[in-house]
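Heads up: the structure comes next, in structure tokens.
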Amino acid sequence: MEQFPGLSSQMNPSVATESQMQLANVFAGRWDERKKWGFHILDSWRLFFDTGRAIGQITGDFKLEDVVKNDLVDEANAFDAAKVEADEDGFALSDDYKKVDVEAIAKAI
């Protein structure tokens with residue numbers, strides 16, 4: 001929100017934090033099966049598309065394997081984890097975000 005001040009008219013630090021925590025839960029979901037960032041579990045996507053078709057949100061016909069791919073997962077996971085951790089450690093959280101009760105949000109979501 002500091003980089004894009006217009007967002008502050010739509011949310012506050014607590015709401016923004018909750019939103020990011022929700023996204024993190026989705027991205028890290030079923031990690032025991034996925035093991036790498038960006039890996040797609042085909043059965044989950046099949047259920048998603050089948051449900052979309054069943055309720056009329058998806059009308060096109062396509063093969064799951066044509067739209068859900070894991071081809072670039074290894075390349076995407078070849079990032080410098082130590083640099084990411086160093087960047088995290090060096091980040092200065094603003095006072096507004098230091099006040100956010102992350103534990104309360106975690107219990108609610």
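Listing for the model above:
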quantity	calculated
Region 59-79, subset under 23 Å from the mean Cα position of the chain (by Cα) and open to solvent by less than 90 Å² (accessible area, probe 1.4 Å), residue farthest from Pro13 (Cα to Cα)	Leu64
Any hit, region 33-41, residues being farther than 30 Å from Glu2 by Cβ and exposed (fewer than 10 other Cβ atoms within 10 Å of the Cβ)	no
Per-region count, region 73-107, residues touching a residue at least 60 places away in the same chain (Cβ under 8 Å) and among the acidic types (Asp, Glu)	2
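Listed here are the residues, each with its yes/no results for (1) surrounded by 13 or more Cβ atoms within 10 Å (Cβ to Cβ); (2) touching a helix residue (DSSP H, G or I) at 6+ places or on another chain (Cβ under 8 Å); (3) in contact (Cβ under 8 Å) with a residue 12 or more places away in the chain.
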{"position": "Phe4", "(1), (2), (3)": "no, no, no"}
{"position": "Met11", "(1), (2), (3)": "yes, yes, no"}
{"position": "Ser14", "(1), (2), (3)": "yes, yes, yes"}
{"position": "Trp31", "(1), (2), (3)": "no, no, no"}
{"position": "Leu47", "(1), (2), (3)": "no, no, no"}
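The values are calculated or read from the model by the stated rules, or taken from the named source; none is laboratory data. The structure presented is a predicted model; accordingly, all values stated were derived computationally and were not measured. Cβ sites come from the backbone with ideal geometry, for glycine too, and all protein chains shown count toward neighbours. When the accessible area is computed, the model is the full protein with side chains, heavy atoms only, and any ligands, DNA or RNA have been set aside. Shrake-Rupley method; radii C 1.70, N 1.55, O 1.52, S 1.80 Å.
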